[in-house]
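Structure record follows, encoded as structure tokens.
Throughout, read-outs are computed from the coordinates displayed, never taken from laboratory work. Keep in mind that what you see is a predicted model, and the values were worked out from it rather than measured. Quick reminder, even Gly has a Cβ in these numbers, built from the backbone with ideal geometry, and neighbours come from all protein chains shown.
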Amino acid sequence: MILPKPGELNRRCSIYSAKLLPNGKAEHSTERIPLWECWCKVEVIGGSVYWDNVQTEETVTHRIFVRSVKGKTRPQDLPRLIEVECDSLWYRAKRVTDCNSAGRFTLLECEVLNAALKN
């Protein structure tokens, strides 16, 4: 994995802890608690990676890189269910990892939910 270069973290995003709550029907609603605002790099994954993920029922559509900050954005500091809002698009993190185990960037592999989703 290639680490982001200077200037590539050029989008503002908000990271949320999400809780799925039953709403009395056969559906659920999402409660989001804001955790952190930061700069990020959003990258669409390639077609072959997408299809490999679909085969394993893990639909990953984007990679989001954020700077690793102790107590805030490191994988071990983030709760289990993470959602990210960037440019009016919502993403749900499927995997969170330390990019290249370098301790510099946290990589969120996400599925795009939909545009302007607000609960």
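So the values come out like this:
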{"read-out": "DSSP-assigned coil residues among GluC sites (Glu not before Pro) in region 53-112, each with at most 10 further Cβ atoms within 10 Å", "value": "E57"}
{"read-out": "H28, H62 arranged by Cβ crowding within 10 Å, fewest neighbours leading", "value": "H28, H62"}
{"read-out": "The chain: relative contact order as a whole-number percent, Cα under 8 Å and 6+ apart", "value": "26"}
{"read-out": "Computed [θ] at 222 nm, helices only, for the chain once each DSSP H run of length n ≥ 4 contributes -39500 (n - 2.57)", "value": "-2000 deg cm²/dmol"}
{"read-out": "Under 22 Å from the Cα of K70 - lysines, other chains or at least 8 residues apart", "value": "K5, K41, K94"}
{"read-out": "From the coordinates shown, Rg/Rh (Cα atoms, Kirkwood Rh) corresponds to which of (i) 1.01; (ii) 0.97; (iii) 0.94", "value": "(ii)"}
